[in-house]
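Asker: Take this structure, written in structure tokens, and hold onto it; I'll ask about it next.
The values are calculated or read from the model by the stated rules, or taken from the named source; none is laboratory data. Quick caveat, the model's predicted, so the values are computed rather than measured. FYI the Cβ positions are ideal-geometry reconstructions off the backbone, even for glycines, and counts take in every protein chain you see. Only protein heavy atoms, including side chains, enter the accessible area calculation; ligands, DNA and RNA are left aside. Shrake-Rupley method; radii C 1.70, N 1.55, O 1.52, S 1.80 Å.
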Amino acid sequence: MGTYLLKRLLLLVPTLIGITLVCFLVVRLAPGDPAELIAGGGLKGASGAGLSLQKRSVVDQALAEWRALYGLDKPLHIQYLVWLKNLSRLDFGNSFKDRRPVWDKIRERIPVTIKLNIFSLLLVYLIAIPLGIYSATHADSLGDRITTFGAFILFSVPLIWAATMAIVFVCGGDFLYLFPPGGLTSIDYAREWPLWEKIKDQIWHLFLPVVLLSYDGFAGLSRYMRSSMLEVLRQDFVQVARAKGLSERVVILKHVLRNSLIPQVTILASILPALIGGSVIIETVFSIPGLGQLGFEAVLARDYPIVLALLTVSALLTLVGILLSDILLAVVDPRIAFGRRGQ
């Protein structure tokens with residue numbers, strides 16, 4: 001196991017470098033010029049016929065100096081090598097927007113995104129696993145058909161549409177006001193509040209975003225769980241366990257469930273980056289100051305350092321999620337042996 005983990009960790013480095021190269025090229029080759037955007041369209045206005053050549057040259061010189069300040073005047077491969085060198089020192093550079101260090105801005109917002117995604121991940125598995133077990137043990141029943149139909153409906157609903165409808169119908173838009181339409185705290189929030197009041201206010205603000213971020217996850221995962229359990233239930237060792245006189249509860253929870261968790265552990269590697277991508281929509285719609293909202297604002301502002309930093313962090317989390325799922329597979333299924341353990 002140790003040798004396998006070492007090889008996988010070493011493999012993460014070239015893989016991450018390849019991902020960062022693709023991300024860098026996509027970001028830098030996208031339409032738009034940060035210099036023009038920060039200058040408020042000065043270059044476009046200066047190119048008009050009503051302005052003198054002197055004024056246009058002044059604006060062009062100012063934008064050229066700005067590009068030189070951020071290294072945007074260098075060839076693309078030189079820009080990437082400089083950025084990669086800074087990344088090796090965990091230096092993501094400074095934001096184009098306010099000149100603040102990118103890492104400081106990420107550090108301020110990452111606790112919010114982590115909290116949102118941890119709660120969502122827990123909700124996904126707490127709902128999906130029992131729902132999948134129920135559907136598999138009551139296959140083709142009325143309850144199974146209802147849960148299957150509901151899961152397909154939830155899985156097909158776009159997250160951006162669901163979040164918008166939630167604000168309209170239950171966040172004081174045109175109908176009910178059951179949840180706040182945005183933010184993490186109430187307007188009258190005060191540090192002097194007792195702890196239970198702070199927790200209550202935080203739950204009230206996070207409940208709807210967490211549910212919206214999770215619904216398609218537990219809808220899809222419950223279907224995977226159902227299919228996996230139905231396949232395991234047809235295996236011979238399940239019939240042998242029943243023939244031994246074991247109760248149905250023991251057969252399901254001890255023998256069937258553990259073998260059915262193998263596909264769910266594999267899916268964990270894709271759920272983690274999916275939640276991170278979904279948090280961009282949720283945090284933007286509900287005005288939650290997390291990494292998703294920061295990334296959305298950075299894309300609009302052509303803030304290359306922040307966009308590249310967030311893409312790098314997301315890629316690293318995806319690779320770590322894949323590695324974590326491989327390790328958990330060995331825990332769930334003893335037949336899986338890494339390295340030379342099985343020899």
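Asker: Any chance you could tell me what percent of the C-alpha pair distances in the chain go past 35 Å?
Answerer: 42 percent
Asker: Then there is this: Hey, got the Cα dimensions of the stretch 110-255 along the principal axes, in Å, largest first?
Answerer: So the three principal-axis extents are 64, 33, 26 Å.
Asker: Of all the accessible heavy-atom surface of the stretch 111-238, with the other protein chains kept in place and a 1.4 Å probe, what percent is carbon and sulfur?
Answerer: Roughly 71 percent of what the probe reaches on the stretch 111-238 is carbon or sulfur.
Asker: Farthest toward the dipole's positive end in the chain, which of 315, 26, 190, given Cβ charges of +1 (Lys, Arg) and -1 (Asp, Glu) about the Cα centre?
Answerer: 315
Asker: Please give me the summed charge of the neighbours of residue 159: other residues whose Cβ is under 13 Å from its Cβ, Lys and Arg +1, Asp and Glu -1.
Answerer: Combined, the nearby Lys, Arg, Asp and Glu give -2.
Asker: Accessible area per residue of the stretch 214-257 at 1.4 Å probe, in Å²?
Answerer: Computed with neighbouring chains in place, this is 55 Å² per residue.
Asker: Could you give the angle, 0 to 90 degrees to the nearest 10, between helix 2-28's Cα long axis and the longest principal axis of the Cα atoms of the chain?
Answerer: 40 degrees
Asker: Can you find, among 80, 285, 147, the residue farthest towards the positive end of the dipole of the chain? Put +1 on the C-beta of Lys and Arg, -1 on that of Asp and Glu.
Answerer: It is 80, whose Cα lies furthest towards the positive end.
Asker: Treat every Asp and Glu Cβ in the chain as -1 and every Lys and Arg Cβ as +1, leave all other atoms uncharged, and give the resulting dipole magnitude about the Cα centre to the nearest 20 debye.
Answerer: With Lys and Arg at +1 and Asp and Glu at -1, about 1080 debye.
Asker: Report, in deg cm²/dmol and to the nearest 500, the calculated mean residue ellipticity at 222 nm for the chain, where each DSSP H run with n ≥ 4 adds -39500 (n - 2.57) and the sum is divided by the residue count.
Answerer: -24500 deg cm²/dmol
Asker: Which of 159, 220, 172 sits closest to the plus end of the dipole of the stretch 159-227, meaning its Cα is farthest towards the positive end, when Lys and Arg get +1 and Asp and Glu get -1 on the C-beta?
Answerer: Checking the options against the dipole of the stretch 159-227, the answer is 220.
Asker: While we're looking at this one, here's another question. If I take every Cα pair under 8 Å that is 6 or more residues apart in the stretch 66-169, average their sequence separation and divide by the length, what percent do I get for the relative contact order?
Answerer: Result for the stretch 66-169 is 8 percent.
Asker: Now for a different question. Kirkwood Rh, Cα Rg: Rg to Rh for the stretch 217-324?
Answerer: 1.23
Asker: To continue, here is another question. If Rh is defined by the Kirkwood formula over all Cα pairs and Rg also comes from Cα, what ratio Rg/Rh do you get for the stretch 80-186?
Answerer: Using Cα coordinates only, the ratio equals 1.16.
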